[in-house]
Ligand code: XIL
């Protein structure tokens, strides 16, 4: 049985797909996608800089194919993402006044969510609006519109443009108790104002060491207590050292200093058996928790189909060989795949 079959009564099993996966429908990668997954997210092709690069210019070519691919294969189709400070078109970053920002957001959401009305199952409406301590991130949207009101604006517009789509707030490190408070503030504020929000998306870029199962569980419970569903929207488990976890030296934002350092790339050819086992155990623990809370969880999406596709080969350090997913570079299932399936 495949992942999607095994978990069909629990939650959707998704994968992020890249431009080449959207275009090469007869590839090995797409065969695996169709066999194992019943939901897709566009890794980059609906982000503002891609889809709306200039004020009056939209680029729907890949996004159209993406939606058609999902429909053809009966998948739960995710739109990612309407509003994000990163991978934002430069022309938006130059907007200076609140009214222009509000009308720009309106034009963007109406055009994109409107184009796919009734065809996108879930929109990540706002992505990464919080700092690590739960305070609002001072993005260009926040600064120019003078507060978190841009979030309300975005959710209202999304509902209007596509009333049937599920609407999600998505962010990373949402297992942290301080950041959790920020999510609760955003969700409650929308609900108090009668604005629709259906879910919280926990990105889930995790490692072998953390976060703890307890922190993840506390977040699932906290978010679902507000009546919204929780999704794990970008799951991957890095097996490589993170520069910010290194001993000693204060490590700054620029990690080029580590590029090419063999210590930072311990598995350049293949993952050792002991690391395979550790990864399998970590995925097992995580999926055990997901199953325990299956009534609160809508979807579990991996950030990529196989290890070769993973952004973690180039983040936060370029040119490493990471092994964060359930399928290896030959599209073969890893131990972690079997440890997850064995739970069913
Ligand atoms: C990543 C993509 O995987 C990369 O290809 C791209 O270069 C940068 O963005 N949080 C998100 C995703 O919401 O959109 C990001 O995707 C990973 C972090």
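The values are calculated or read from the model by the stated rules, or taken from the named source; none is laboratory data. In this text, all values refer to a predicted model and were calculated from it rather than measured experimentally. Neighbour counts are summed over all protein chains in view; Cβ atoms, including those assigned to glycine, are modelled from backbone coordinates with ideal geometry.
Quick look at the values:
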| read-out | value |
| --- | --- |
| One residue from 138, 178, 148, 152 being away from the ligand (no atom under 16 Å from the Cβ) and without any contact (Cβ under 8 Å) to a residue 24 or more places away in the chain | 138 |
| Counted residues, region 303-321 - those being within 16 Å of residue 265 (Cβ to Cβ) and either away from the ligand (no atom under 12 Å from the Cβ) or surrounded by fewer than 19 Cβ atoms within 10 Å (Cβ to Cβ) (or both) | 11 |
| Flag for residue 47 being within 16 Å of the ligand (Cβ to nearest atom), within 23 Å of residue 233 (Cα to Cα) and within 22 Å of the chain's Cα centre (by Cα) | yes |
| Odd one out for residue 178 among (1) farther than 23 Å from residue 289 by Cα; (2) assigned to a helix (DSSP H, G or I) | (1) |
| Given (1) within 24 Å of residue 167 (Cα to Cα); (2) not in a loop (DSSP other than H, G, I, E, B), number of the condition residue 196 does not satisfy | (2) |
| Any chance residue 197 is touching a strand residue (DSSP E or B) at 6+ places or on another chain (Cβ under 8 Å) and closer than 21 Å to residue 137 by Cα | yes |
| Within region 270-285, tally of residues that are assigned to a helix (DSSP H, G or I) and surrounded by fewer than 21 Cβ atoms within 10 Å (Cβ to Cβ) | 11 |
| Filter result for residue 254 (touching a residue at least 24 places away in the same chain (Cβ under 8 Å), over 25 Å from residue 27 (Cβ atoms) and either assigned to a helix (DSSP H, G or I) or more than 16 Å from the ligand (Cβ to nearest atom) (or both)) | no |
| Scan of region 217-243 for residues that are buried (at least 17 other Cβ atoms within 10 Å of the Cβ), more than 15 Å from residue 198 (Cβ to Cβ) and either within 16 Å of the ligand (Cβ to nearest atom) or modelled with pLDDT of 95 or more (or both), ordered by number | 219, 220, 222, 232, 234, 235, 236, 237, 238, 239, 240 |
| Conditions (1) modelled with pLDDT of 95 or more; (2) surrounded by 15 or more Cβ atoms within 10 Å (Cβ to Cβ); (3) more than 16 Å from the ligand (Cβ to nearest atom): number failed by residue 9 | (2) |
| Long-range neighbours under 8 Å by Cβ, at least six apart or interchain, first residue more than 13 Å from residue 197 (Cβ to Cβ) within region 155-169, second in a strand (DSSP E or B) | 162/123 |
| Selection status of residue 81, under 22 Å from residue 142 (Cα atoms) and within 16 Å of the ligand (Cβ to nearest atom) | yes |
| Qualifying positions in region 12-31 - under 20 Å from the mean Cα position of the chain (by Cα) and more than 16 Å from the ligand (Cβ to nearest atom) | 12, 13, 30 |
| Matching residues in region 155-173 - criterion: being within 16 Å of the ligand (Cβ to nearest atom) and part of a loop (DSSP other than H, G, I, E, B) | 172, 173 |
| Wholly within region 34-124, helices (runs of 4 or more DSSP H) carrying at least 1 residues that are farther than 20 Å from residue 158 by Cα | 61-72, 90-93 |
| Single condition residue 106 does not satisfy, out of (1) under 20 Å from residue 195 (Cα atoms); (2) within 16 Å of the ligand (Cβ to nearest atom) | (2) |
| Scan of region 15-33 for residues that are assigned to a helix (DSSP H, G or I) and more than 18 Å from residue 307 (Cβ to Cβ), ordered by number | 19, 22, 23 |
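Yes or no, residue by residue, for (1) in contact (Cβ under 8 Å) with a residue 60 or more places away in the chain; (2) closer than 30 Å to residue 339 by Cβ; (3) in contact with a strand residue (DSSP E or B) (Cβ under 6 Å, 6 or more places away or on another chain):
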{"residue": "3", "(1), (2), (3)": "yes, yes, yes"}
{"residue": "6", "(1), (2), (3)": "yes, yes, no"}
{"residue": "17", "(1), (2), (3)": "yes, yes, yes"}
{"residue": "21", "(1), (2), (3)": "yes, yes, no"}
{"residue": "27", "(1), (2), (3)": "no, yes, no"}
{"residue": "37", "(1), (2), (3)": "yes, yes, yes"}
{"residue": "50", "(1), (2), (3)": "no, no, no"}
{"residue": "55", "(1), (2), (3)": "no, no, no"}
{"residue": "83", "(1), (2), (3)": "yes, no, yes"}
